Amino acid sequence: MEDQYKISVIPEVALIDEKIIIKLTGFNPKEKVTIQAETNEYYCINRSCEQKSSDESYAVFETDDNGNIDLSRQAPVEGCYSGINSMGLLEFMKLKNTNNQKKSINLKDVNIDEGYTITFSAKIKDKVIIKKNHTRMYRSENIKFVDINEANLVARYFTVDDDMPKPGIIVLSGSEGGMEKAQITAGLLASHGFSALALCYFGLEGLPSTLEKIPLEYIENAIKWMEKEQTVLSDKICIYGRSKGGELALLAATIFKQIKGVIANTPSSIVWQGLNENNRPSKYSSWAYKGKEIPYLKINSLAAFKYITKKILKQSAEISDIYRSSLSSPKASECSIAVEKINGPILLMSGGNDEVWISKTFCENIIERLEACEFKNNKEHYCYKNSGHFITLPYQGLRNEKYNVEAMANANKDSWNRTIKFLNKNFIKN
């Protein structure tokens, strides 16, 4: 009897940013069916580099007159999301379990997973009737990668295995350092037709252990490496950075004219002081070039003290309050990134409720400066009003945060679509 039931997931194997269609057939008309989705243990870009996790979600549907359910046409009657959303079970997954792992300090030891599995189960009155596995891939099967571990260049390079030259993208992650997050983005960009270099700038062997006085020569060396690589169009090199990596991407593009476009996701418009081994503000700049520190803005110590005090007293406080207060310093203008010097179009994305730093204000300041300087290239800023800081990739497990999870899911989806559109417009179609 159970052979009558069927779950179809189309396609059965898909990239992590790819939509799927989920349908169930063979049930009784007007029957309540619970669909549960559960991942195996995997690395989620929205979580710590030192964690693997499993996620879960569920939704209850009523079958139609023919005993069928189509998630692209029907809304659940209850569950982790509401409204018609074919990807709702993926977009609104919540953390189930975590498994802490020792962070790799050598590039060769940084794991590079192919993908992960989601198991969809259909239940009637808490009894599992049928299951179906679906595979989410971090990159297409035709993507090859190679590790680069040279003096002042630690990276992982992704490109289609056809030896054809393509636009190049340097990918930078944020203040967590390491390679884990950057390589997921780079592999996915390679799957969309680009040659992507996930560049580590601290936190691995051969690089600084802390985010202090990071040499901009790392970017310079990455550019030189890509210019010599036959699978890169040397006149079409772009840079993508998220959070602290967005600050670095903007800064590097003002110096190295070979960079012909910038995508800065929740970046800063200011060069800030670095972070020491305790992840606290250090006495040095985050960045340096030719042996000299880049002028930087210090964190407002009084604002930092107030933040710590509120945390101790278990009062509401956000790290972004520190940056908001610090930005009022008269030295802020001296430490602003000269974005008008960037040699190409700029795409900016920010969170309206950014809890880490004030990316919306930073991006607005960047646009204001570009307009004041009559910047000739295209510039775009998309602010996701109710989203927080961790705007990443679509359909990934969300962080357990207090802000609007629907807004975060939409921000992840829209920002990534705009990223691909920006790259296609400026580096593929011209």
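Which one is surrounded by the fewest Cβ atoms within 10 Å (Cβ to Cβ), of the residues in region 80-91 that are in contact (Cβ under 8 Å) with a residue 24 or more places away in the chain and of a type outside the set (Asp, Glu)?
Applying the filter and picking the extreme gives 86.
Among the residues of region 16-39, write down those that are within 23 Å of residue 191 (Cα to Cα) and open to solvent by 50 Å² or more (accessible area, probe 1.4 Å).
18, 19, 21
Looking only at region 104-120, decide whether some residue is under 19 Å from residue 32 (Cα atoms) and not β-branched (Val, Ile, Thr).
Looking through region 104-120, at least one residue is under 19 Å from residue 32 (Cα atoms) and not β-branched (Val, Ile, Thr).
What number of residues within region 340-359 are surrounded by 19 or more Cβ atoms within 10 Å (Cβ to Cβ), touching a Lys or Arg at 6+ places or on another chain (Cβ under 9 Å) and under 22 Å from residue 299 (Cβ atoms)?
Here the count works out to 6.
Quick one: what pairs do we get from region 309-334, first residue within 11 Å of residue 358 (Cα to Cα) and charged (D, E, K, R), second in a helix (DSSP H, G or I) and open to solvent by less than 70 Å² (accessible area, probe 1.4 Å), C-beta under 9 Å, 6+ apart or different chains?
From region 309-334, the pairs are 318/307; 321/303; 321/307; 324/303; 324/361.
Suppose we filter 299, 223 for residues that are over 25 Å from residue 150 (Cβ atoms) and touching a Phe, Trp or Tyr at 6+ places or on another chain (Cβ under 8 Å); which single one remains?
One residue alone meets the criteria, 299.
Looking at region 51-70, is at least one residue under 30 Å from residue 191 (Cα atoms), without any contact (Cβ under 8 Å) to a residue 40 or more places away in the chain and open to solvent by 80 Å² or more (accessible area, probe 1.4 Å)?
Scanning region 51-70 turns up at least one residue that is under 30 Å from residue 191 (Cα atoms), without any contact (Cβ under 8 Å) to a residue 40 or more places away in the chain and open to solvent by 80 Å² or more (accessible area, probe 1.4 Å).
If we keep just the residues of region 409-430 that are aliphatic (A, V, I, L, M) and crowded, with 22+ Cβ neighbours inside 10 Å, which is farthest from residue 90 (Cα to Cα)?
Residue satisfying both the conditions and the ranking: 423.
Is there any pair linking a residue in region 232-254 that is closer than 16 Å to residue 338 by Cβ to one that is among the acidic types (Asp, Glu) and assigned to a helix (DSSP H, G or I), with Cβ under 9 Å and at least six apart or on different chains, and which?
Every condition considered, the pairs that remain are 252/220; 254/340.
Residues in region 6-34 that are of a type outside the set (A, V, I, L, M, F, W, C), outside any strand (DSSP E or B), in contact (Cβ under 8 Å) with a residue 40 or more places away in the chain and under 21 Å from residue 78 (Cβ atoms): how many?
1
The values are calculated or read from the model by the stated rules, or taken from the named source; none is laboratory data. Model, not experiment: these values are computed from the prediction. Note: ideal-geometry Cβ built from the backbone for every residue, glycine included; neighbour counts use all protein chains shown. Accessible surface areas use protein heavy atoms only, side chains included; no ligands, DNA or RNA. Shrake-Rupley method; radii C 1.70, N 1.55, O 1.52, S 1.80 Å.
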